[in-house]
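Shown next, in structure tokens, is the structure this report addresses.
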Amino acid sequence: MRGRRRRGASTPPPPPAVVVPVRRIRSAFAVVLVLIGLTVAQLVQVQVVDGAEHAARGERQRLRTVELPAVRGRIYDREGAVLATSVDAAAVHADPAAFRPTTRPDGTRVPAAGDRREVARALAPLLDLDPAALADRLDRDGRFVYLARQVDLATAEAVMDLRLPGIGMHVEPRRAYPSGGTAAQVVGFTGIDGAGLQGLEASHDHVLRGRSGTLLVEHAPGGLAIASGERELVPAEPGADLVLTLDREIQHVAERVAADVSARYDALGATVVVLEVGTGDVLGMASAPTFDPNARRTGDAAAWRNRAVTDLFEPGSTQKALTVAVALESGAITPATAFDVPDRLTVGGHTFTDVSRHGVERWTVGDVLARSSNVGTILVAERIGEEALREGLLALGQARPTGLGFPGEVAGHLPAADAWWATTLPTVAIGYGTSTTLLGLATSYATLANDGVRVTPRLVRGTVGLDGRLEPAPPAAAERVLSDRTAGVVLELLGAAVDGPGATGGLAAVPGYRVGGKTGTARKPLVDAAGYSDQYVASFVGVAPLDDPRLVVAVMVDAPQGAYYGGAVAAPAFAEVMHASLLARRIVPDGSGRSLDELVRSAAAAPAPTAP
């Protein structure tokens, strides 16, 4: 039978048993355990110990935060005319990672989203940039780089229409100055990031700048924004508006006159200040040369300076009214005090002279001021003495900041008490050996016009917040430094210095108003050596209307050529600015017998006063 084993056939032996050594099994098991342990340890390290760091790294790779500048507050003049504002512009930016190949965690190679050189060539004509420089920017490390700031929105939209990889834009504010160069040295300007760099833009940056916001955007590895990705917006908070004391109409006139007188006499520059008596409000503050903050990169940076507060000069004969005020206040003289005045006087080995030759004449204090006599003023100062003169001038504000708080303001100079010697008193009395700013000098004359009360000048009336209401600035600090009687007497003496016999300030007269003021002519000291140059500073400071003082105007012309006396150069400029300012502030004439409207019409028809 088929299934039956034949008799005698042999049975095959069973297969040999496989014997695995126990030690080998144990070794393999140990290796597996070690591998499992290492894997678990790595997982713990990645997910637990370093989990936060890896998560943060992933967020940094996917998320990008863009700062959103706040809308900067506006700057207005006192009547609401806009001097500085912000308009919408655009920033064009790029993600340099879009132009670099990357490798995914699984080892997959991801090519760059675009070629940076091709992108640069496409962008360069629109952004007016060099293609090579633009390509270098696209080759930087990191995930964000600005390509252009504060470009027109139309330009930015044209960029986005190209649909280039890694290129984006966002709206940002750009500072604009609608009135061009009007009050440029006062208002100042901002940098490209919106921070104030000059003038009130800098000193009041904390008020104007507001609070920046942020925009968090999720991006794909190629650099493109993920439409459905994470997006978080923290809105920016706009800054407050600033309302100034400046009157734009007066400012325009002050700037025009400063430019005109500077050009007429080929001067290094000219500065004009207009102060409101009693409030300390600066109604006008102008210097020539000036600049347009909308295009400041094309001009001279020296023109950015607000010379009314940053530049010192020796006041010359404008100081004489202050010397007389100190003498009257101390009781050393009276308005009726008369002196025998020669045309020259030697003190401490130095001879001081009057401009005009004359014999010994009997002059009152009023005559001394009207004729701007150096010798007569020194005789007045000798009645006071060194200590009283110095203390009186300090009280009137000399050699100390005005308190305006403007960036770069300087204090002026008056010799220390222990530095006075034989010629210091006569020198300081006539306005040499001491220095001041034009605003400082104007403030001292405003003290005379304000019945002897010194008021700190100010440029800011208040701020306007989101509620649209004006928050007034604190009232200006006031301090009595002269009696009202002394101040009144000096004003009358200044009136005679304009319209009295032999007065040097005749060209400062203003039709329809009584004016009081003083001419100044001072040689400029040498910059790098002792002594004086052959250049002069011509000045005039005055008050009107004299019967009810409302305004002070100060004019300083630096190094005029040809004519250089204050009465010929600065006095006519003063008259023009003062006349326009009185009309702009609707201040009623005194003793004219004419209405304000009649004077306005006559001023419009009359030519500007000129020096002979």
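The values are calculated or read from the model by the stated rules, or taken from the named source; none is laboratory data. Being a predicted model, the structure only gives us computed values, none of them experimental. Ideal geometry is used to build each Cβ from the backbone, glycine not excepted, and the neighbour counts take in all protein chains shown. Side chains included, ligands, DNA and RNA excluded: accessible areas come from the protein's heavy atoms. Shrake-Rupley method; radii C 1.70, N 1.55, O 1.52, S 1.80 Å.
Details
- Cα-projected label distance for Tyr146 with Ala301, points at 7 Å along beta-carbon direction, nm: 1.8 nm
- Volume in Å³ per residue [convex hull over Cα atoms, computed for segment 284-388]: 158 Å³
- Sorted largest first, the spans of the alpha carbon positions of segment 467-526 along the three principal axes are 57, 39, 29 Å.
- Counting 0.36 nm for each residue step from Ala195 to Ala419 and taking away their Cα separation leaves a gain of 76.3 nm.
- Contact order for segment 106-260, expressed relative to its length and based on alpha carbon pairs under 8 Å spaced 6+ residues apart, stands at 15 percent.
- Note on exposure: Tyr564, Tyr177 ranked by accessible area (1.4 Å probe, complete protein assembly) read Tyr564, Tyr177, with the most exposed listed first.
- For Leu68, distant residues with modelled amide H under 5 Å away: Gly213, Thr214, Leu215
- Pairs of alpha carbons in segment 447-602 whose separation is greater than 21 Å (percent): 57 percent
- Computed over Cα pairs, the Kirkwood radius of segment 373-434 leads via Stokes-Einstein (1.306 mPa s, 10 °C) to a diffusion coefficient of 128 µm² per second.
- Rounded to the nearest 10 Å², the accessible area of His579 at probe 1.4 Å: 30 Å²
- Residue-averaged 222 nm ellipticity for the chain, from DSSP H runs of 4+ at -39500 (n - 2.57), nearest 500: -10000 deg cm²/dmol
- Probe 1.4 Å, protein heavy atoms only - accessible area per residue of the chain in square angstrom: 48 Å²
- Three-way shape label, segment 136-179, alpha-carbon gyration tensor, a/c 1.5: oblate
- Carbon + sulfur, % of accessible area of the chain - ligands and nucleic acids excluded, 1.4 Å: 53 percent
- Alpha-carbon Debye profile of the chain, log10 I(q)/I(0) at 0.06, 0.07, 0.13 Å⁻¹: -0.48, -0.59, -1.26
- Here the extension length gained between Arg109 and Arg26 equals 25.7 nm, from 0.36 nm per residue of separation less the Cα-Cα distance.
- Other-chain or far-sequence residues with amide H under 5 Å of Val510's (modelled H): Val515
- Largest-first ordering by accessible area, 1.4 Å probe, given options Thr519, Thr103, Thr155: Thr103, Thr155, Thr519
- The alpha-carbon positions of segment 65-177 define a convex hull whose volume is 107 Å³ per residue.
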